[in-house]
Amino acid sequence: MGALTIYQDSYINATILSNRFIDCYMTDANDAQLKVYLYLVRMMGANLETSVSDIADRFNFTEKDVLRALKYWKGKEILDLDFDDDGVVVGVHLKNLCQLEKMGPTVEDTHIPQSIVTPQNIVAPQGTSAPQEMTSTQGVIPIKPSYSSAQVKAFKTSHESSESGIDIFYLAEEYRKKPLSPSDISTIIYICDELGFSDEMFDHLLQYCAARDKSDFRYIEKVAISWKENGVTTPEQADNLPGRYDRKVYEIMRQLGKTGNTPTEREVSYINRWVCEYGFSDDIILEACERTVLATEKNRFQYADRILKNWKDKGVGKLSDVEGLDRLHEKKSKSGSAQGDASAAGTNSSNRFNRFSQRGDIDFAELEKKIVKN
């Protein structure tokens, strides 16, 4: 018999992406880094050539953005770069992620199965039992049970007489901005009873998630399980977990309109400067952030840093000092003096703080141009 010809009805035009990339690398990468890597995989799968300029044009990046993304992935050791004698990138070698040794756990390794409920009036088959707990590297994670109305009532009753004085259900409703669902209530009981969170720790958990602009109880539960796995029992331990930022960082991020974003190293460096080097309190920093949001949609960290730097140069130590500067600017504006006009327009860099009043007559578009130019 002759050789068989094997063929299919249609060709699937698809790009195969390693699960290892999704599990271990995707969560930490930014938008540009993800697009560059995915495009490289797509071009490799089709045996097509590309270039730094081609990638930049396709995604409306600069070539420096593309090179930074390539160097980021090189640092993660999932690709190598080939350079010519002039240091120009001439080749990209994508590594086989499934063969790399330096890998974190996959989704399969860390997946938490759904609880299987065996009603009390049903006997499990001989030789089997309902799951009781899941093990982790740091501790034991109990399976989330299904709570009866009697158990919910008993839990609420026991917490009404709690010595902490914290009404966790009231806190949760305030956090959610809506009445709790039965599923939400079950999650609260699970976190407090099964995971062993005190009322104070549950309060801190809500604040922690709120600072990250997360209101879904599935997210809250995942964070609680993560803390349990890492042996976290106090708010201080939670805040000092590797890769975690202080709640202040996320509050400033949210105030600047960066909700849902993971802070970059540069953004955190700005915040550390405002807190540590400038020595400003939260209310002063948030005031500068509010004025920044009113003034511009671009370069907000740089803009806020310029405001705070000028306030520092003018000896601002508390929020009332800022209010005093605003009153001084308003007085000068009303006087119509040339010096006041120059100060309001920002022609003297030492008086730039005066330009950040929230008065309705300020031309914020013009203000932004001057700040960026300087």
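The values are calculated or read from the model by the stated rules, or taken from the named source; none is laboratory data. Quantities reported herein were computed from a predicted structural model and do not represent experimental measurements. For neighbour counting, all protein chains shown are included, and Cβ atoms are generated from backbone atoms with ideal geometry for every residue, glycine included.
Of the candidates Glu200, Glu221, Glu236, Glu194, the single residue that is in contact with a strand residue (DSSP E or B) (Cβ under 6 Å, 6 or more places away or on another chain) and either farther than 21 Å from Pro145 by Cα or surrounded by 16 or more Cβ atoms within 10 Å (Cβ to Cβ) (or both) is Glu194.
What are the residues in region 44-78 that are crowded, with 17+ Cβ neighbours inside 10 Å and of a type in the set (A, V, I, L, M, F, W, C), if any? If the condition is that a residue be crowded, with 17+ Cβ neighbours inside 10 Å and of a type in the set (A, V, I, L, M, F, W, C), then Val52, Ile55, Ala56, Phe61, Val66, Leu67, Ala69, Leu70, Trp73, Ile78 are the ones that fit. Name the single residue that is nearest to Glu194 (Cα to Cα) among those in region 216-242 being assigned to a helix (DSSP H, G or I) and either at pLDDT below 80 or of a type in the set (Phe, Trp, Tyr) (or both). The selected residue is Trp227. Selection within region 200-242: residues that are among the acidic types (Asp, Glu) and closer than 17 Å to Arg176 by Cβ. The member of this set that is farthest from the chain's Cα centre (by Cα) is Asp203. The set of residues from region 266-294 being surrounded by 21 or more Cβ atoms within 10 Å (Cβ to Cβ) and among the small types (Gly, Ala, Ser) comprises just one member, Ala288. The selection criterion, being more than 24 Å from the chain's Cα centre (by Cα) and either touching a residue at least 24 places away in the same chain (Cβ under 8 Å) or closer than 15 Å to Leu97 by Cβ (or both), does not hold for Asp65. Taken together, the residues in region 45-97 that are assigned to a helix (DSSP H, G or I) and aliphatic (A, V, I, L, M) amount to 8.
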